[in-house]
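See below for the structure under consideration.
The values are calculated or read from the model by the stated rules, or taken from the named source; none is laboratory data. Not measured: the values here are computed from a predicted model. Here Cβ is always computed from backbone atoms with ideal geometry, including for glycine, and neighbour counts include all displayed protein chains.
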Amino acid sequence: MFKHSQLESVKAWLTNPAHAAMPLHARIQRAVRQLILDCALGPGKPLPASRALAKSLGVSRDTIEAAYAQLHAEGFIERRVGSGSFVAEMTRFAPRTRDAPLRNQAPKLSRRGNIMFRSGGVREALTPRPFAPGVPDTRGFPLTLWERLERQVLKEVGTQALQHGDPQGAEQLRRAIADYVNLERGAHATADRVLVLTSSQQAMMLCANMLLDPGDRIYIEDPAYYGARGAFDAAGLESVPIPVDRQGVMVEPILDDPHRARAIFLTPSHQFPTGATLALDRRLALIEWAARYRAWIIEDDYDSEFHYAGKPTACIQGLDSHDRTIYIGTFTKSLFPGLRIGYVVLPPQLVKPMTVARTLLDGHTASIAQLTLARFMEGGHFGGHVRTMRGIYAQRLDVLTGLVRKHLADFVEPHAPIGGLQMPCVLTCDISERLAIDAARRVGVELLGLSALNVSGDGKAGFLMGFAAYTPAELEVAVKKLANALQTALLQESR
């Protein structure tokens, strides 16, 4: 018979809510197995008779027999006719110590693993709260239309859509993407130069690992998108910060640098987070720099669809006749984050290497979503949706700007952008950025601090306020909550 402590251990498995989904015999089998693995039951030790254990646990004998049968099938016990059940001799190889489980100890990661872990990753809220930046309004998405197009795809393609897909991406979608970026962004793209991925983040990881070696230098804007910086740090690159002004990244430090980097990462349409647009003369200067020194331009055009003043500037890729620009786009901002489709337009010589490399990451992008998106674009629905949302977002930006000037004038100075999904605000009061963000979070408001986005560490304190996903009424409620929270924090700071 089991000792009292052993029997109590089995009973604990039966009553633990975490095991409620398991049938009774499985819970008993797992409990006995754990006793064996923990060396509480050594090799050759007898197990209680099924009838006796059933009575002790208040279950049927058949339940115990089923548990013992599974333990026997897995090799943990031996069953001897007329003698009973015994812990198998082969369990002598089980660990003899009762040390704390390894899961409670800090793992020994690689240098790259430590860098990735310490970066904190790119974390997005499952249910975003005002003013989480970079979030589109999914409530306005034409879901019924999308479902109809998806049914059409499944009806026409059938079970073929359930098979492995082309690692480069479905040809229909690559063709639609090429047509779109050529028309709307002034790109120079063809379907065979497009690589469909799951996200722009995956594109940046590919560029970091395929184009540069650990220790290589890469120029990045300062301030910069945290996801890009994390990707480059994880690849072991040396990120060299280049200041940004109202005309985008400054090119003089790049052109005058005697050490030169092998690549530059840019968000030229709407610089993240300042919202500045890179001036044409600087674009041309960087194209010539890349061509002269055989460097790469990594152009992240993450939310160029949403431009609220004048016409958007053509992308760098369309101006680059030397094929040194990798153009990154995504549908996360223009449609919805759950779609998980991004893309790159590559120089011809990079298409095959990049396609092979992505097969080592995730094989290919989901076929049904790709084919549905292709049909959505081909039918003109993508363009129509973007135009609708552009008008809505422009109105929400105006509303937020007015609310900030009305209710937060004593705390921040807003810098209304000409595009994008978020507005930067610089703190003008005697309150730290960290305190402001913490105070906002306590009242259900999310802010992304500006200073952490500055690589050099000398950026202005402030935060980003996302506006696209929130109605004017929601924006007003959140701004008032923020104003009260900052007022309380300011009083605490002054004491």
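Computed quantities for the displayed model
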| quantity | calculated |
| --- | --- |
| Residue match in the stretch 480-493 (condition: β-branched (Val, Ile, Thr) and in contact (Cβ under 8 Å) with a residue 60 or more places away in the chain) | no |
| Boolean, Ile254 is over 30 Å from Pro142 (Cβ atoms), outside the structural domain of Thr388 (by TED's automatic domain parsing) and out of contact with any Asp or Glu (no Cβ under 8 Å at 6 or more places or on another chain) | yes |
| Qualifying residue in the stretch 249-260 (condition: at positive phi and either aromatic (Phe, Trp, Tyr) or in contact with a helix residue (DSSP H, G or I) (Cβ under 7 Å, 6 or more places away or on another chain) (or both)) | yes |
| So Asp137, is it at pLDDT 95 or above, closer than 30 Å to Met423 by Cα and among the acidic types (Asp, Glu) | yes |
| Hits in the stretch 365-382 - residues which are loosely packed, with under 15 Cβ neighbours inside 10 Å and either within 23 Å of the chain's Cα centre (by Cα) or touching a residue at least 60 places away in the same chain (Cβ under 8 Å) (or both) | Gly379 |
| Complete set of residues in the stretch 318-363 that are over 20 Å from Gln168 (Cβ atoms) and either among the small types (Gly, Ala, Ser) or outside the structural domain of Ala290 (by TED's automatic domain parsing) (or both) | Gly318, Ser321, Ser334, Gly338 |
| Test set (1) at pLDDT 90 or above; (2) surrounded by fewer than 19 Cβ atoms within 10 Å (Cβ to Cβ) - Val479 fails condition number | (2) |
| Single residue of the stretch 91-118 satisfying the filter (at pLDDT below 80 and among the hydroxyl-bearing types (Ser, Thr, Tyr)) that is farthest from Lys480 (Cα to Cα) | Thr91 |
| Lys155 over 22 Å from the mean Cα position of the chain (by Cα), surrounded by fewer than 14 Cβ atoms within 10 Å (Cβ to Cβ), without any contact (Cβ under 8 Å) to a residue 12 or more places away in the chain and in a loop (DSSP other than H, G, I, E, B) | no |
| Residue match in the stretch 284-292 (condition: within 27 Å of Phe382 (Cα to Cα), in contact with a Lys or Arg (Cβ under 6 Å, 6 or more places away or on another chain) and not polar (S, T, N, Q)) | no |
| Verdict on Arg441 being within 28 Å of Tyr308 (Cα to Cα) and part of a helix (DSSP H, G or I) | no |
| Lone qualifier among Ala291, Ala276 - being modelled with pLDDT under 95, closer than 26 Å to Leu183 by Cα and either among the β-branched types (Val, Ile, Thr) or surrounded by fewer than 24 Cβ atoms within 10 Å (Cβ to Cβ) (or both) | Ala276 |
| Scope the stretch 227-242; condition in contact (Cβ under 8 Å) with a residue 40 or more places away in the chain and out of contact with any helix residue (DSSP H, G or I) (no Cβ under 6 Å at 6 or more places or on another chain); matching residues | Arg229, Gly230, Gly236, Pro241 |
| Residue identified as in contact with a helix residue (DSSP H, G or I) (Cβ under 7 Å, 6 or more places away or on another chain) and more than 28 Å from Gly466 (Cβ to Cβ) among Pro130, Pro167, Pro214 | Pro167 |
| Close pairs from the stretch 168-196: first on the phi > 0 side of the Ramachandran plot, partner assigned to a helix (DSSP H, G or I) and surrounded by 23 or more Cβ atoms within 10 Å (Cβ to Cβ), Cβ under 8 Å, at least 6 apart | Gly169/Gln370 |
| From the options Leu319, Leu335, residue that is at pLDDT 95 or above, crowded, with 17+ Cβ neighbours inside 10 Å and out of contact with any Phe, Trp or Tyr (no Cβ under 9 Å at 6 or more places or on another chain) | Leu319 |
| Flag for Tyr219 being of a type in the set (Phe, Trp, Tyr), in contact (Cβ under 8 Å) with a residue 40 or more places away in the chain and closer than 15 Å to Leu266 by Cβ | yes |
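Every residue, every condition in (1) part of a strand (DSSP E or B); (2) of a type outside the set (Gly, Ala, Ser), yes or no:
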| residue | (1), (2) |
| --- | --- |
| Arg405 | no, yes |
| Ala409 | no, no |
| Ala416 | no, no |
| Phe463 | yes, yes |
| Tyr470 | no, yes |
| Leu482 | no, yes |
| Thr488 | no, yes |
